[in-house]
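Written out below as structure tokens is the structure these notes cover.
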Amino acid sequence: MASPNLESFCCQFNLLNTTSDKHRLGNPDYTSQIYNGVCIGAASLSIIGALYQILPRKQSPIATRLRRARPLSTESQRRIICLLAISDLCACFGILVRSALWLAGYLPENLGLTGKPDFPHIFCAISSVWIQYFYVCTYFWTFCYALDVFLEVKRKQWAKPWWLYHALSWIISAMLCAEGVVPLYYPSLLHCEHTPAHLIPHYLVTYVPILAVMIVNPVLYFIASRSVKTLLTSQRAHFTDQERKIIQKIKERFFLVVLVFFCCWSPNIVNGLLLVCHKSVSQGAFSTMRIVMAILNPLQAFLNSVVYRGCAGCNFRRPEFMLMASGVRDSGNYSHSGSTETTALLRTR
């Protein structure tokens, strides 16, 4: 899970000496077997889903013919989906290892005789930053996919801005995580500073990317879906039930992509609101939200494997559902082939 309270958990054990401190900081229960067991289960399922997206699989002759019949205009979406799955895989792997070690007793609670960070503290900090970073990467790759879809449907013929995609997803994510984590952990892993000046940057890094994707992606998909209708009408000079079915299918897919992101990350927004109003919120609400986040955050990879690839099998080289140049822009491909070209463009076999 990606929560600003989780990163501070690595050093806040040393601050939880009073009941008021526990209430103010949310009384973390990350050490419980239930929480870590849920994390391991959800992360394991999503690792399978991510590998299902990434690893190549043998294609059927029909799928091979469909792939060769279309240009490489879907390559961009395939690469983005693969990189999104890799980011999810890395985040889920971090959750799996961290929860396993916490269940084994490697908790950052004993300062030791030297009063310096030991392995549990260092591991807790590194694993939390690792998970946070790769989840921020997934936010940006999700945005890049929507942007790429928008550019494709809007018939932008220039080269895809891959430098921008990589800069946003890898470099900007690293900068954001550094901006949020360094003020929190500085100057020591043992004594987090819980003042507004230290906490606000960390909270902004956590919640602003999520909210940005929740706002921008539906807008991009909405504009893209409207452009599809315009393209169909202009290219084919008519608008029948066939075209309506195509547009409806695309809208359904766009809706599912957005729905998955909202389902997986809306609990984090709710948790942020609870942290802001912590004085009037019971500890049971915090514990419930942590369990919900522990389930839904890692499940993003598994749900993405269903939405982007479908349950009938996938292949690393297989084109994704998307209205590509060979479809909408070439009216001849749609004249009398509803069971072939339409199906290939809108869903994965």
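The values are calculated or read from the model by the stated rules, or taken from the named source; none is laboratory data. Nothing here was measured: the structure is a model prediction, and the numbers come from that model. Using ideal geometry, Cβ is built from the backbone for each residue, glycine included, and neighbour counts are taken over all protein chains shown. Accessible surface is based on the protein model in full, side chains and every heavy atom, while ligands, DNA and RNA are left aside. Shrake-Rupley method; radii C 1.70, N 1.55, O 1.52, S 1.80 Å.
Matching residues to (1) under 15 Å from the mean Cα position of the chain (by Cα); (2) loosely packed, with under 14 Cβ neighbours inside 10 Å:
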position	(1), (2)
M214	yes, no
N217	yes, no
Y221	no, no
R226	no, yes
L231	no, no
D241	no, yes
Q248	no, yes
K251	no, no
W265	yes, no
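Cβ separations smaller than 9 Å between residues 6+ apart or across chains give the following pairs from region 129-145 residues that are in contact (Cβ under 8 Å) with a residue 12 or more places away in the chain to residues that are open to solvent by less than 40 Å² (accessible area, probe 1.4 Å) and of a type in the set (K, R): W130/R98; I131/R98.
Residues are listed down the side, and each one gets a yes or a no for (1) surrounded by 12 or more Cβ atoms within 10 Å (Cβ to Cβ); (2) modelled with pLDDT of 90 or more:
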| residue | (1), (2) |
| --- | --- |
| Q59 | yes, no |
| S76 | yes, no |
| L83 | yes, yes |
| D88 | yes, yes |
| T114 | no, no |
